1. Under 14 Å from the Cβ of Asp27, count the other residues' Cβ atoms, weight Lys and Arg +1, Asp and Glu -1, and hand me the total.
2. Run the numbers for Ala101 and Asp42: contour at 0.36 nm per residue of separation, minus the present Cα-Cα distance, in nm.
3. How would you rank Lys85, Lys91, going from fewest to most other Cβ atoms within 10 Å of each one's own Cβ?
4. Under the 0.36 nm per residue contour assumption, what length would be gained going from the current alpha-carbon distance of Ala24 and Ala145 to full extension?
5. Given Phe129, Gln80, Phe111, which one lies farthest toward the positive end of the charge dipole of region 23-160, if we put +1 on the Cβ of every Lys and Arg and -1 on the Cβ of every Asp and Glu?
6. Counting other C-beta atoms within 10 Å, which of Asp82, Asp13, Asp112 has the fewest, and how do the rest follow?
7. Which of rounded, prolate or oblate describes the chain when judged by the alpha-carbon gyration tensor and an a/c cut-off of 1.5?
8. In the Gaussian network model of the chain, springs joining C-alpha atoms below 10 Å, which of Leu116, Leu147, Leu68 carries the largest mean-square fluctuation?
Amino acid sequence: MERLLTIGAYGWDAECVFQALEQAHVDLFLDIRRRRGVRGSDYTFANAGRLQHELKERGIAYRHILELAPEPETRELQNQDDAAKRIARRKREALGEAFTADYLRRTLDPFDTAALTNELNEFQRPVLFCVERAPEACHRHLVTARLARETGVPVMDLMP
């Protein structure tokens, strides 16, 4: 693995997402969402069936890693933080402290990152995907930070 990438859905249209993936030479798409659907006609490309079809057409492998998706209780902590700060989910720029602590404790710490790293070594440029636009507003940022620390592989965030 030469580089680890991240990408979100919000702020992109379908063609921009797939062009960005191709230009970055992504060879594995890691979907780390719990619910693999996105509301709104602008984001139908991110719904699992359409997404997997388009990735296959472009020769990009797909894998869903449900174990890296935040638990509902963890997501609720972020919802509470967003509500207290009066920030819409699609406008959030950073994760709350309660979400981060709970996600690390409940989800990322028990996850076998060594096994994932071994799998990722078969690829050159895997990308982690969730919906938030800003990587710092999404759990994918926590996952890639951990993987980068453990592997020394640089991270690049694809942004619209």
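Just so you know, all these numbers are worked out from the coordinates, no wet-lab data involved. On a predicted model such as this, the values are computed, not experimentally measured, just so you know. Cβ coordinates were reconstructed from backbone atoms using ideal geometry, including for glycine residues, and neighbour counts include every protein chain displayed.
1. +1
2. Length difference between fully extended and current span is 18.0 nm.
3. Lys85, Lys91
4. Full extension from Ala24 to Ala145 adds 41.7 nm.
5. Value: Gln80.
6. Ascending number of Cβ neighbours within 10 Å: Asp112, Asp13, Asp82.
7. oblate
8. Taking springs between Cα atoms under 10 Å, the residue moving most is Leu116.
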